[in-house]
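Working notes, structure below.
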There are 2 protein chains.
Amino acid sequence: MSFYAAADLNDTIVAPITPPGVGAIGVLRMSGNNAIAICNSVFKGKDLTRQRSHTLHFGAIVHPNGQVIDEVLVSVFKAPHSYTSENTVEVSCHGSPYILQQVIQLFLNAGARLAKPGEFTLRAFLHGKLDLSQAEAVADLIASETEAAHHIALNQMRGGFSGQLQQLREQLIHFASLIELELDFSTEDVEFADRTQLTQLVQQLLNALTQLIESFALGNVIKNGVATVIAGRPNAGKSTLLNALLNEDRAIVSEIAGTTRDTIEETLNINGITFRLIDTAGIREAQDRIEEIGVEKTMQKIAQATLLLYVFDVTQLSPEEVEKDLQQLHPNDAQLLVIANKIDELTENTANNFGNLYPEAYLPLSAKQGNGIAALKQALYQIVTGQTANNSNSAALLQNNAIVSNARHAEALQNARQALQQVLKGISLHISGELLAADIRRALAHLASITGAEVTPDDLLGNIFSKFCIGK
Amino acid sequence: MSFYAAADLNDTIVAPITPPGVGAIGVLRMSGNNAIAICNSVFKGKDLTRQRSHTLHFGAIVHPNGQVIDEVLVSVFKAPHSYTSENTVEVSCHGSPYILQQVIQLFLNAGARLAKPGEFTLRAFLHGKLDLSQAEAVADLIASETEAAHHIALNQMRGGFSGQLQQLREQLIHFASLIELELDFSTEDVEFADRTQLTQLVQQLLNALTQLIESFALGNVIKNGVATVIAGRPNAGKSTLLNALLNEDRAIVSEIAGTTRDTIEETLNINGITFRLIDTAGIREAQDRIEEIGVEKTMQKIAQATLLLYVFDVTQLSPEEVEKDLQQLHPNDAQLLVIANKIDELTENTANNFGNLYPEAYLPLSAKQGNGIAALKQALYQIVTGQTANNSNSAALLQNNAIVSNARHAEALQNARQALQQVLKGISLHISGELLAADIRRALAHLASITGAEVTPDDLLGNIFSKFCIGK
């Protein structure tokens, strides 16, 4: 069964749009042709069907048996001036799940049906109020927990990313039509589309696409955080380091309830980038089977890491021993930072000579005294973003760059790039305009799939919107 | 420090009013003289200060540095037409805790301060929009999880309870003034207040108060649920009974996310009354210390129970053994239901003769086959409400009765009753009008404390409102 069918757009749909649980208020949204009429049928106060758009009305929701369910405030939005472009009411109830459920039940009885996850936003898309990448950004925006993630999502929702794609698409469409024009004159062997110009354009496009595709590494990190594993021998100071990293950060925890979410690991926010810090058991030559299991677990965590912080006790290990540990630990696909801990315990002589005794890349630090923590944060940020954290913040860093943070978009961009590479190859091989045009159309279709500019298959829509929360 | 000070009413306060967590939208409320102006200072769209009350405005919240925080919908309410009676804005943001926090921060920077728990409702009370018992009902309404609890809270919020009290108070005030008039003529030995009539009125009032006070037993049960302990020997079928009781109930669990809350025990809803079912370890003569601890725990749970369901295997225990168990178990202050389980395993003969073999109060039942479960629910409901559950529901049952569900109110009513009993005693002893008037005034003060009709001490307000959730 499809996620939506054309007939569905005639339904009036309803769902709670505030987070589940108890609060001062809870809000329901009902959208569709009959939304205002259905609400009005159980509303005691003014006649809602006679109110202007964007007005608020106090009254009571009353069961047909006369029982008052709640005193509420109803917001009236008239098509097309609403989130979905349809007639919409939003009902602010007292924030008891029991009450919300009762009011929804009345609306269902009066002819509405429960909205599927993401269905309000799906309707906004189907009515042309948002393009597909903007719709997806709405979900990202809601899930954003850091300044940078928020910035990317908001930017995408406001159409920044779609705009840049639109330009690329238009240039390609121009060339595609020129080539297709040639086909009409195929017997005459003319070339309306200058192959040299086309090559230049495709090359430009490939550069732009590559930039966007490469931005996904950062976009993905910003959206999903950086899995950062802290590993090292027992008593290297891993936990002290973890605390030293977190302590400063905790000072900016908000005093507003509900700001933080339950997390499995500790998270560290550096200028808007979330590092998910994963502590591991100390590794050493396994003495027995139980230790062996501990080491295996550490290795598993490292295998999933984006970033590995290897910590060692500078008073205990020689550079050679460190390198041996690293050979054992370091997986090929994680970034590595080596931290020389406990520099406060070195003799002054050794400390002064640190640069000569250890490789330059090693970061000297005292987790206990907090020396070097700022430099470590700087290094973490730089490894991930390629930028220094000095005075800047990620949002400012991102200000002028389009960042792709959505895996579906990244894949579409890669597919478009592949098709364009075919175009380049085709030009150099002097293949027929017909085949060239087909490759260009293929690249265009991949780009269009990002914004949903061409007809989007039902199952893709289902895949995208079913991941939204109820009420969005 | 007091919970509020007079100067506080000049502050503009802000808080999230939707439940914490991620959702489609999250709403902030800001109330106070400057609420609309403060919001307007960071709002890009229309000039909010020039908009009419009860209108909605789409726009963006923008940081002074130009960074867009979110696209929002702002509801404008102008004093006195708002929940608090003050200028108020409600800002619907995308439901990301990060965004709500950012927007609040902007409002704080612009001169608002965070609202304390219950402070919006406190302001509504201080501005005379709600009386104290109505304000308390708002918190109860939000916390209500069943039809009956919801009904009582809504009724109280809509002033039903306050109204009945008002009548009683007015009659008393009338008599108090008559008696105080006598004092002005004390040398002339007149009685304006007919002592027989006064006695009748006080008697009427005492009856009414007693009815309200007695309703608290039910009101409290409806609000807080009935602690119901299931106890019995091992293999009596306690867990099967628990499942049998819950199975039917689970069918009405809502399909809407967030309807249910985490509970420590299983809860059973019978016609709007919540029974908190607490299963216990099987009890028998303790064979060792560990079993002894198990029995002790069971006894502790029974000591806290309102209702004890004692279950026994009818094929194993004689009435004498049951009575012996009950003597051991049954605490003085819990209601008791004795359940004869496994009647499906009795011979037909014994089954037919059940009434003669066991005391009449025993409830025959087969938890396994579900026989007798409906009768048990009926009995549970009847024990708590004194009513049969036939076709009725608790809300209908409560329709015409004022129910006290607030412990503070119950205590004030008891104090008022005590003072009125002093009045009766004083009349019969022919004490002076002066002393009579003092007792009447004392009764009046206790009644007034329920609605806050007279000046309410600061610490009481603090005590009441600090228990509200943030944003209410």
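Remarks
- Kirkwood analysis of the Cα pair distances in segment B:44-132 returns a hydrodynamic radius of 14.3 Å.
- Among the listed pairs B:LYS377/B:LYS467; B:LYS223/B:LYS301; A:LYS324/A:LYS377; A:LYS301/A:LYS472; A:LYS46/A:LYS472; A:LYS44/A:LYS78, those beyond 23 Å (Cα-Cα): B:LYS377/B:LYS467; A:LYS324/A:LYS377; A:LYS301/A:LYS472; A:LYS46/A:LYS472
- FRET efficiency, 1/(1 + (r/R0)^6) with R0 60 Å, evaluated for B:LEU336 and B:LYS46 via beta carbons: 0.35
- Long-range tail of P(r) for the protein assembly as shown (Cα pairs > 45 Å, %): 51
- Helical runs assigned H by DSSP (4 residues or longer) give chain B a calculated mean residue ellipticity at 222 nm of -15000 deg cm²/dmol, each run adding -39500 (n - 2.57) before division by the residue total.
- Separation between Cα centres of segment A:16-30 and segment B:106-127, rounded to whole Å: 21
- Gain in span if fully extended, A:HIS127 to A:ASN33, counting 0.36 nm per residue against the direct Cα distance: 32.5 nm
- Split the accessible area of the protein assembly as shown by element, probe 1.4 Å, and carbon with sulfur accounts for 48%.
- Available extension along the chain between B:ARG158 and B:LEU9 is 51.2 nm, counting 0.36 nm per residue and deducting the alpha carbon span.
- The length gained by stretching the chain between A:ILE431 and A:ASN247 to full extension, at 0.36 nm per residue less their Cα-Cα distance, is 59.9 nm.
- Starting from the label point of A:GLN418 at 7 Å along Cα→Cβ, the same points in the other copies fall at 8.3 nm, in ascending order.
- Chains A and B together bury roughly 5100 Å² of accessible area, counting both sides, with a 1.4 Å probe on protein heavy atoms only.
- Between A:ASP279 and A:ASN463, the C-beta separation translates, for a Förster distance of 30 Å, into a calculated FRET efficiency of about 0.25.
- A 1.4 Å probe run over chain B, with the rest of the protein chains in place, finds 46 Å² accessible per residue.
- Dividing the alpha-carbon radius of gyration of segment B:100-184 by the rule-of-thumb value 2.2 N^0.38 Å gives 1.67.
- Rounded FRET efficiency, nearest 0.05, which uses the C-beta distance separating A:GLU191 from A:GLN414 and R0 of 30 Å: 0.50
- At 7 Å out from Cα toward Cβ: A:GLU296 inter-copy label distances (nm, ascending): 4.2
- For A:ASN243, the label point sits 7 Å beyond Cα toward Cβ; its separations from the matching points on the remaining copies run 4.8 nm, from shortest to longest.
- With a simple spin-label model that places each label point 7 Å from the Cα along the Cα-to-Cβ direction, the separation between B:ILE173 and A:LEU108 comes to 4.8 nm.
- 1.4 Å probe, heavy atoms, protein only - residues of segment A:29-58 losing at least 50 Å² accessible area vs chain alone: A:HIS54, A:LEU56
- Pairs of C-alpha atoms in chain A farther apart than 31 Å represent 60 percent of all such pairs.
The values are calculated or read from the model by the stated rules, or taken from the named source; none is laboratory data. What you see is a predicted model; the values in this text were computed from it and never measured. Here Cβ is always computed from backbone atoms with ideal geometry, including for glycine, and neighbour counts include all displayed protein chains. Heads up: the accessible areas ignore ligands, DNA and RNA and are worked out on the full protein's heavy atoms, side chains in. Shrake-Rupley method; radii C 1.70, N 1.55, O 1.52, S 1.80 Å.
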